[in-house]
Amino acid sequence: MPAVKNNYQMLLTLFAELYKYPDEEIERDIMNGAAENEMTRGFISCSVPVTTKLDLHQLSFEENNVQKQFMTAFSGLSKPFSPPVESLYKPWSTDADAPKQLAKKRGYYMGDSALHMNHLLSCYGFGVPEEFKMMPDHLVIELEFYAFLLGEDTRMAVTFYEEHLDWIKDFEKEMNKLGGVPFYQEVTRRLRNLLSIHPLEIINGEE
């Protein structure tokens, strides 16, 4: 089981890398098949099938490479777009003192989930990278933090999974409405599949 947990943590960090802006190293790993091979090995080790007909490198090509798809999917330079930020997919706040015109609305940054992420990260001694200061509940941060919790704090890993990773299906639905981003649609589909596994199944084999 420790090997399975380690591989699951590796997969989480791999997915986190794929939701960052793809630099030359990430794009190279995608195009030469290294990312696909690493992901496939990880899924197999965790007994999760990768059900796809296309490898990741087949979903990024010269006229629509992964950088272009990233900008289309997440940057807001064109619409529609679907940033992977938890606050955007949940009611902005449940605080009784929150502005009534915003509290129950969706689509706003720095909602309750972002404030809670700031708190959690601070409690465990982590800061938020400058690029994510206004979105500490970005998927990159959440996946890396979840991977950390799986190795360090079982109880909090379960709580975090149930409270902070329950928006991925909604994110996937929004991603599937976009055109021209097959790479990120496939990555998101695989992530949702990976996150269908409850942390207790990874930690100690319980459901």
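The values are calculated or read from the model by the stated rules, or taken from the named source; none is laboratory data. Quick caveat: nothing in here was measured; it's all calculated off a predicted structure. All Cβ positions, even for glycine, are placed from backbone atoms using ideal geometry, and neighbour counts span all protein chains on display. These area figures cover heavy atoms from the full protein model, side chains too; ligands, DNA and RNA do not enter into them. Shrake-Rupley method; radii C 1.70, N 1.55, O 1.52, S 1.80 Å.
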(message) Under 8 Å for C-alpha pairs, at least 6 residues apart: give me the relative contact order for segment 1-147, rounded to a whole percent.
(response) 25 percent
(message) Could you give each residue of segment 167-173 its phi-based ³J(HN,Hα) in whole Hz, using Karplus coefficients 6.51, -1.76, 1.60 with θ = phi - 60°, and x for Gly or Pro?
(response) 9, 5, 5, 5, 4, 4, 4
(request) Please report, in debye to the nearest 20, how large the charge dipole of the chain is about its Cα centre when each Lys and Arg carries +1 at its beta carbon and each Asp and Glu carries -1 there. (result) 720 debye
(message) Under the rule a/c < 1.5 gives rounded, and otherwise a/b versus b/c splits prolate from oblate, where does segment 68-157 land using the Cα gyration tensor?
(response) oblate
(message) Need one word for the chain: rounded, prolate or oblate. Basis is the Cα gyration tensor (sqrt eigenvalues a ≥ b ≥ c); a/c below 1.5 gives rounded, then a/b vs b/c decides.
(response) oblate
(request) Express in Å², to the nearest 10, the accessible area of ASP166 obtained by rolling a 1.4 Å probe over the protein heavy atoms while all chains stay in place. (result) 90 Å²
(message) Run the numbers for THR13 and ARG189: contour at 0.36 nm per residue of separation, minus the present Cα-Cα distance, in nm.
(response) 61.7 nm
(request) Over segment 18-168, average the accessible area per residue using a 1.4 Å probe and give it in Å², no decimals. (result) 54 Å²
(message) Please list 3J(HN,Hα) in residue order for segment 133-140, calculated via the Karplus relation 6.51 cos²θ - 1.76 cosθ + 1.60 where θ = phi - 60°; whole Hz, with x for glycine and proline.
(response) 4, 8, 8, x, 9, 5, 4, 4
(request) Set Lys and Arg Cβ to +1 and Asp and Glu Cβ to -1, take the dipole of segment 112-157 about its Cα centre, and tell me which of LEU121, MET156, MET135 lies farthest positive. (result) MET156
(request) Once you have the Cα-Cα distance between LYS173 and VAL48, take 0.36 nm times their residue separation minus that, and quote the gain in nm to one decimal. (result) 42.9 nm
(request) Give me the net charge of MET10's neighbourhood, meaning all other residues with Cβ under 15 Å from the Cβ of MET10; Lys, Arg count +1, Asp, Glu -1. (result) -2
(request) Using just the helices of the chain, give the 222 nm mean residue ellipticity in deg cm²/dmol: DSSP H runs with n ≥ 4 each add -39,500 (n - 2.57), and the total is spread over all residues, rounded to 500. (result) -15500 deg cm²/dmol
(request) Taking the dipole about the Cα centre of segment 125-207, with the C-beta of Lys and Arg at +1 and of Asp and Glu at -1, give me whichever of LEU200, TYR184, ALA147 is farthest to the positive side. (result) TYR184
(request) Sum up the lysine pairs in segment 45-143 that clear both bars: alpha-carbon distance under 29 Å and a spacing of 8 or more or different chains. (result) 17
(message) Could you tell me the calculated FRET efficiency between ASP166 and ARG28, based on Cβ-Cβ distance and R0 = 30 angstrom, to the nearest 0.05?
(response) 0.35
(message) Starting from 0.36 nm per residue, how many nanometres of slack lie between LYS104 and SER78 once their C-alpha separation is accounted for?
(response) 6.8 nm
(message) At 1.4 Å probe size, with the rest of the protein present, what percent of the exposed accessible area of the chain is carbon and sulfur atoms?
(response) 52 percent
